[in-house]
1. Can you name the strands (runs of 3 or more DSSP E) wholly within the chain that have at least 3 residues being under 12 Å from the mean Cα position of the chain (by Cα) and touching a residue at least 24 places away in the same chain (Cβ under 8 Å)?
2. Of the residues in the range 24-43, how many are more than 13 Å from residue 59 (Cα to Cα) and in contact with a strand residue (DSSP E or B) (Cβ under 7 Å, 6 or more places away or on another chain)?
3. Which of the residues belonging to the range 1-23 are loosely packed, with under 12 Cβ neighbours inside 10 Å and under 13 Å from residue 60 (Cβ atoms)?
């Protein structure tokens, strides 16, 4: 198990998960959000190859409506 910070909350996950697997493990259901790892944006095309590591800080950001 590894410990990561997701939107400021400490979570424990199985080691070796990629971004897509992490999203599924955390039960994020909504579409259209952005993911940043250690303040670096991760494009959707890189979700499968980007592995979450112990101590990573993850920000999952949903779009905000407004004008």
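1. 2-6, 34-37, 57-61
2. 1
3. Residues satisfying the conditions are 7, 8, 9.
Coordinate-derived values only; no laboratory data. Quantities reported herein were computed from a predicted structural model and do not represent experimental measurements. Cβ atoms come from the backbone with ideal geometry, glycine included; neighbour counts cover every protein chain shown.
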